[in-house]
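K.L.:
Before we start, here is the structure in question, set down as structure tokens.
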Amino acid sequence: MHTAPTTLPGTRPLPAPPAPHPAADRLRSIGLAGLGIAAATSLLAAGWHSSTPPSAATLDTFMDEHYGRYDSTRRAWPGPTPAGRPSDARPCAVRPGTGPAPWLVAVCSTPRSGGSQAEAARLDLYQLRPAGRRWQVMASRLALATGAFGEPGQITIVQLGEGWFGFAVQEHAVGQGQSLGTLRLHAPTRGDITTVLALHTDYDNEGTGACDTEARQPAMPACRRIERRWTIEPAAGAGDWTIRIDDTRQLGAKASQATHRLRFDAALGRYPLPPSLPAWLG
């Protein structure tokens with residue numbers, strides 16, 4: 001997976017304490033846990049550093065233009081207001097480009113008053129290119145639903161091929177004694193940002209008592225535990241990168257393991273799944 005560099009060309013380390021950089025509040029508002037320290041440092045250096053030339057585009061200029069004026073009290077930008085509910089928008093994953101290379105930016109909007117389990121956060125995905133002091137939107141996908149209780153799932157940026165990066169959105173839900181994980185990969189293809197892979201990554205029904213051998217009742221469904229670990233395998237040379245899926249499952253007393261390697265199909269615009277790897281579990 002791609003790890004953002006800690007600095008970009010033309011930037012320098014932050015000033016030493018006790019004079020904190022005025023953009024520190026914005027950095028904290030993004031959430032270091034979601035971005036990782038290296039990626040968050042890159043955000044500050046690339047987008048909000050005081051040494052950024054005034055003629056260069058910065059992430060706050062993009063956010064101001066597309067989401068409204070930054071609110072220093074809330075440490076966020078005003079987000080879209082579905083059903084009239086105010087929300088806060090913040091970048092939640094960023095891959096800076098170098099030189100003319102495009103940037104990838106994910107923006108998460110969360111309701112200010114929290115939400116129910118059924119209420120998702122909003123996710124906007126962008127492929128951007130600096131154009132002077134502004135940004136050219138090369139591709140976008142807006143108003144995706146992610147997460148629960150008004151909070152987004154885990155949003156990261158991964159490398160899928162030589163010079164090709166995408167957004168990985170991972171979510172996990174629990175209900176009625178069942179646990180279910182989901183992965184969706186969105187990537188720039190054909191001048192747009194599309195879903196190139198979607199599948200469940202894990203499932204179990206342990207919460208129903210089906211896996212408790214001592215308390216299990218005859219009428220209960222069989223114990224089911226399924227885990228699909230996914231990794232991205234770089235190619236040697238200029239070949240296609242693959243997504244490896246290691247599928248481990250227990251269905252009742254039977255256990256099995258299988259490995260699948262997925263290759264991107266340019267004609268379809270996605271990673272096709274073999275019949276032995278159904279996308280959805282449960």
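K.L.:
Over the stretch 139-192, how many percent of alpha carbon pairs lie in each 10 Å bin up to the one with the longest distance?
P.N.:
It works out to 20, 46, 25, 8, 1, in whole percents.
K.L.:
So for the pair Ser276, Ala131, with labels modelled 7 Å out along Cα→Cβ, what separation do we get in nm?
P.N.:
Distance between label points: 4.9 nm.
K.L.:
Would you mind getting the accessible area per residue of the stretch 234-279, heavy atoms of the protein chains only, 1.4 Å probe, in Å²?
P.N.:
Per-residue accessible area for the stretch 234-279 comes out at 62 Å².
K.L.:
Excluding Ala235 itself, what net charge comes from residues whose Cβ is under 15 Å from its Cβ, given Lys and Arg +1 and Asp and Glu -1?
P.N.:
Net charge in that neighbourhood comes out at 0.
K.L.:
If I ignore ligands, DNA and RNA and count only protein heavy atoms, how much of His172 is accessible to a 1.4 Å probe, in Å² to the nearest 10?
P.N.:
For His172, solvent-accessible area is about 110 Å².
K.L.:
Relative to the compact-globule scaling 2.2 N^0.38 Å, provide the ratio for the alpha-carbon radius of gyration of the stretch 161-210. Intermediate results must be reported in sequence, preceding the final value.
P.N.:
Working: Rg = 15.1 Å, N = 50, 2.2 N^0.38 = 9.7 Å.
The stretch 161-210 yields a ratio of 1.55.
K.L.:
When you count, for each residue, the other Cβ atoms within 10 Å and take the mean per peptide, how do 157-169, 132-144, 198-210 rank with the highest first?
P.N.:
Peptide ranking by packing, descending: 157-169, 198-210, 132-144.
K.L.:
Tell me, what % of the accessible area of the stretch 133-282 is carbon and sulfur with a 1.4 angstrom probe?
P.N.:
Values: 4100 of 8190 Å².
Reported share for carbon and sulfur atoms: 50 percent.
K.L.:
Separation of the stretch 96-114 and the stretch 244-266 by C-alpha centroid, Å?
P.N.:
32 Å
K.L.:
Taking amide H positions as placed in the peptide plane 1.01 Å from N, state which residues far from Asp88 in sequence (5 or more) or on other chains have amide H under 5 Å from it.
P.N.:
Gly79, Thr110, Arg112
The values are calculated or read from the model by the stated rules, or taken from the named source; none is laboratory data. Just so it is clear, the model here is predicted, and its values are computed rather than measured. Reconstructed Cβ throughout: ideal geometry from the backbone, glycine too, with neighbour counts over all protein chains shown. Please note that ligands, DNA and RNA were not included when accessible areas were found on the heavy atoms of the full protein model with its side chains. Shrake-Rupley method; radii C 1.70, N 1.55, O 1.52, S 1.80 Å.
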